[in-house]
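Reviewing the structure listed below.
The values are calculated or read from the model by the stated rules, or taken from the named source; none is laboratory data. Everything numeric in this text was worked out from a predicted model, so none of it was measured. Here the Cβ positions follow ideal geometry from the backbone for every residue, glycine too, while neighbour counts run over all protein chains shown. Please note that ligands, DNA and RNA were not included when accessible areas were found on the heavy atoms of the full protein model with its side chains. Shrake-Rupley method; radii C 1.70, N 1.55, O 1.52, S 1.80 Å.
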Amino acid sequence: MSGLNYRKVAVIGCGFVGAASAFAIMESGLFSEMVLIDANKEKAEGEALDISHGLPFAKPMKIYAGEYKDISDAYLIIVTAGAGQKPGETRLDLVKKNVGIFGSIIPQIAEVNKDAIMLIVANPVDILTYAAKQLSGYPENRVFGSGTTLDTARFKYLLGEHLQVDSRSVHAFIIGEHGDSEIAAWSSANVSGIPINDFCEMRGHFEHEASMKAIAENVKNSAYGIIEKKGATYYGIAMSVRRICEAIVRDEKTILPVSSIQHDNYGISDVALSMPAIVGKNGVETTVPISLSDSEVEALKASAATLKKVIDEVL
């Protein structure tokens, strides 16, 4: 990765998610340079100016709208570009539109920069992560998606609310597709090492099955509820993007449920989906095995099959 500026990030796509992510990244102080690119150059220029005007309250940084040639030395390229999810539309409904958009964007990125880490945030993120790998020719460890990082945060938040405990003490993952077939991995969920059902009983909750079902459904439908109320979701995913950036830039080797191409993981191969993975300066180091029940493994395989069917249809 010689020739890269390790303090430079690029954000491709300046819609709600791209702009919110750029703002969160600026506030993080992780980078000294950020270039914004959008099909609408004026939109990118406006966002760059607006965010830049807050720099006297943050860390010094160069933020500007640019062209693809400006990302030739970027260490991290974040792709949020794509059509947004409309009310009543599933993430998978977006697939054909956004695969077409990626067919234009990703080759332009790869033409000017073959050594960066590419983080895919646009939806449907699993299919677009797989498409980005095929279109870019990047090694698999350096192309991955935000996956279920936000779903997992929602899961931890809701569990924290239910149990009246700091959500940062909740250790639990949403795995599989970032979408309707996602799985709440209850078998490995715990609060600071205490199995989730034991902790629930400590807090006076004994209706485990009903609570588990309600919380998992709430996580899965969170985005739909927010889209119905305000038209789009962007703050939560922006914070997720910032968290992934921290893990990469600081080489934290943090375990995050990002979307990456699987190789015989529970018999799942040749599809991108989310499993906990070690994330550091080279991207995804390896996936991490977690305890899953037989029914969770079957649900994970079904989620993978759903994604594989779509990949086979559109790629």
For Asp312 and Ala58, calculate 0.36 nm times their separation in residues minus their Cα-Cα distance, and state this gained length in nm to one decimal. 86.9 nm
Is there a quick way to get the dipole size of the chain? I mean about its Cα centre, with the Cβ of Lys and Arg at +1 and of Asp and Glu at -1; what is the value in debye to the nearest 20? 660 debye
For Thr80, what accessible area in Å² do you get when you roll a 1.4 Å probe over the heavy atoms of the protein chains, rounding to the nearest 10? 20 Å²
In the neighborhood of Gly13, defined by Cβ-to-Cβ distances under 11 Å, what is the net charge if each Lys or Arg adds +1 and each Asp or Glu adds -1? -1
Could you order Asp50, Asp180 by accessible surface area, starting with the largest, using a probe radius of 1.4 Å? Asp50, Asp180
Along the charge dipole of the chain, Cβ charges K/R +1 and D/E -1, which of Phe16, Gly84, Leu4 sits furthest on the positive end? Leu4
J(HN,Hα) series, the stretch 16-29, from Karplus relation 6.51 cos²θ - 1.76 cosθ + 1.60, nearest Hz, glycine and proline x: 3, 5, x, 5, 5, 5, 4, 5, 5, 5, 4, 5, 5, x
Between Ser259 and residues 5 or more places away or on another chain, the pairs with built amide H atoms under 5 Å apart involve Gly145, Ser146, Gly147, Thr148
Express in Å², to the nearest 10, the accessible area of Arg243 obtained by rolling a 1.4 Å probe over the protein heavy atoms while all chains stay in place. 80 Å²
Among Val191, Leu150, Ala110 the positive-end extreme of the charge dipole of the chain (Cβ point charges): Ala110
Taking the Cα centroid of the stretch 107-162 and of the stretch 180-246, what is the distance between the two, rounded to the nearest whole Å? 20 Å
Pairwise centroid distance, computed over Cα atoms, of the stretch 254-315 with the stretch 36-50, Å: 34 Å
FRET E, pair Asp93, His208, Förster distance 41 Å, beta-carbon r, rounded to 0.05: 0.75
If the reach is capped at under 14 angstrom between alpha carbons, list the aspartates and glutamates near Lys62, excluding any in the same chain fewer than eight residues apart. Glu27, Glu33, Glu45, Glu47, Asp50, Asp70
Cβ-defined net charge surrounding Asp251, 15 Å radius [Lys, Arg +1; Asp, Glu -1]: +3
Full-extension gain between Asp270 and Glu201, please, as 0.36 nm times their residue separation minus the C-alpha to C-alpha distance. 20.8 nm
Checked against the positive end of the charge dipole of the stretch 130-208 (+1 on Cβ of Lys and Arg, -1 on Cβ of Asp and Glu, about the Cα centre), the farthest of Ala132, His171, His208 is Ala132
Fraction of antiparallel bridges per DSSP, the chain only, in percent to nearest 5: 50 percent
Tell me, what is the 1.4 Å probe accessible area of Met202, in Å² to the nearest 10? 120 Å²
Quick one: order Asp126, Asp93, Asp73 from most to least accessible surface, probe 1.4 Å. Asp93, Asp73, Asp126
Could you sort Tyr68, Tyr6, Tyr235, Tyr266 by accessible area so the largest value comes first, with the probe set to 1.4 Å? Tyr235, Tyr6, Tyr266, Tyr68
Give me the dipole magnitude in Debye, nearest 20, for the stretch 148-313 about the Cα centre, with unit charges on the beta carbon: positive for Lys and Arg, negative for Asp and Glu. 640 debye
Output the relative contact order of the stretch 148-313, whole-number percent, from Cα pairs under 8 angstrom with separation of 6+ residues. 23 percent
Between Tyr6 and Tyr157, what's the calculated FRET efficiency when r is the beta-carbon distance and R0 is 25 Å? Round to 0.05. 0.20
Magnitude of the Cβ-charge dipole (Lys and Arg +1, Asp and Glu -1) of the stretch 5-145 about the Cα centre, nearest 20 debye, reported as 200 debye
Considering only Cα-Cα distances, which of the following residue pairs are longer than 26 Å: Lys69/Lys309; Lys281/Lys308; Lys43/Lys97; Lys156/Lys309; Lys41/Lys114? Lys69/Lys309; Lys281/Lys308; Lys156/Lys309
Lys281 label point, 7 Å along Cα→Cβ, cut-off 17 Å on backbone N: hits in the stretch 137-155? 142
